[in-house]
Structures are given as structure tokens and as C-alpha cells.
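A.B. asks: First, the structure itself, so that you have it in front of you.
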Amino acid sequence: MLLRIAIGWLTLALAASAQTIAENVIPFPALSPANQGLVRAVTDHYTLRREYPPERFTCRTAHFDFLMNHMAACSMLAERLGLIRYHATEDAAGRVWADDREGSRGYLQRMYGSEGRYVYYVAGAEDGVFEVRGRGVAVI
């Protein structure tokens, strides 16, 4: 559920003013040069555009931050509760990989995290009738 909220808040793949809008919502100076490169590859050169309406929920900032900083554990809880079908694990580089065991696989990598504000790089693929691959940036 939290992964859905994270991706649903805002996926940046914006129109002509992508750089300007991205500069307003992403703290680029706080990102490492490598992370800036990953994020800018999406925000400055998009292929498709999709905006999701924000989902709101009430919780304490400390609890929200804990979940955002422990995505694999959050995902495991959601899987156990039957809210999601995929299984998530964290690798040594800090990427949280998810696999639905039916051909969909991808990962989230936190680019920035500060009290109540997060930026994730998202990449994934689905192999089935069609082969689909993509990447995005989620800002929470």
C-alpha cells in the first residue's frame, strides 16, 4: 500500500517545462552527482507523461519516515496482509527490488530523504504477452 502511495503521489515525466517543474520539487543540490544523473535522465528527457492524483492519509511524521526508510519491511507487512502480490527485498546498494513472480520485476532506489520528503528512482519491466520496460521518479 505504501509503495502505491509513493508511486501515486507524483511521477515526474513532465511536458515542455519539465526541467523548471523538476527544479521546484526536487532538491537537486542535495542529491549526489550520480543520483542527479539518474533523476535528470527521467525528468529532463521523458517519453510518456502520467500524473496521479495525490492520496492523503494521516499519520505521525516519525511513523511515515520510518516506513519510507524501511521500504522492504513495509512491503513485507503489506504482502502478509494481502494488500500486494509481490515480494520485496533490499540489495547491498539499498535498492528495494519487487517481484510478483508472474513476470513483473523492478526496484525503488531512494535518491533523497529528509523528514517527510522523499525522492525515489523507479525502474522496472514486465515480461509476458508484451515486454515493457520503464523508469520514473517519484516525489513524496
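A.B. asks: So, of the residues in region 33-63 that are in contact with a Gly (Cβ under 7 Å, 6 or more places away or on another chain) and at pLDDT 85 or above, which turns out to be most open to solvent (accessible area, probe 1.4 Å)?
C.D. replies: Looking at residues that are in contact with a Gly (Cβ under 7 Å, 6 or more places away or on another chain) and at pLDDT 85 or above, I get Thr61.
A.B. asks: Considering each residue of region 76-109, count those that are in a strand (DSSP E or B), crowded, with 17+ Cβ neighbours inside 10 Å and either touching a residue at least 12 places away in the same chain (Cβ under 8 Å) or in contact with a helix residue (DSSP H, G or I) (Cβ under 8 Å, 6 or more places away or on another chain) (or both), and give that number. Show your work before the answer.
C.D. replies: Restricting attention to region 76-109, the residues satisfying the condition of being in a strand (DSSP E or B) are 87-90, 96-99, 104-109.
Applying the additional criterion that residues be crowded, with 17+ Cβ neighbours inside 10 Å yields 88, 96-98, 106-109.
Those still in the list that are either touching a residue at least 12 places away in the same chain (Cβ under 8 Å) or in contact with a helix residue (DSSP H, G or I) (Cβ under 8 Å, 6 or more places away or on another chain) (or both) too: 88, 96, 98, 106-109.
Going through region 76-109 one residue at a time, the tally reaches 7.
A.B. asks: With respect to Val25, is the statement that it is of a type in the set (Val, Ile, Thr), touching a Phe, Trp or Tyr at 6+ places or on another chain (Cβ under 9 Å) and touching a residue at least 12 places away in the same chain (Cβ under 8 Å) true? Walk me through it before giving the result.
C.D. replies: Numbers: of a type in the set (Val, Ile, Thr): yes; touching a Phe, Trp or Tyr at 6+ places or on another chain (Cβ under 9 Å): no; touching a residue at least 12 places away in the same chain (Cβ under 8 Å): yes.
It is false that Val25 is of a type in the set (Val, Ile, Thr), touching a Phe, Trp or Tyr at 6+ places or on another chain (Cβ under 9 Å) and touching a residue at least 12 places away in the same chain (Cβ under 8 Å).
The values are calculated or read from the model by the stated rules, or taken from the named source; none is laboratory data. All values derive from a computational prediction rather than experimental measurement. Cβ: placed from backbone, ideal geometry, glycine included. Neighbour counts: every protein chain shown. Quick note on the areas: whole protein, heavy atoms, side chains included, nothing else; ligands and nucleic acids left out. Shrake-Rupley method; radii C 1.70, N 1.55, O 1.52, S 1.80 Å.
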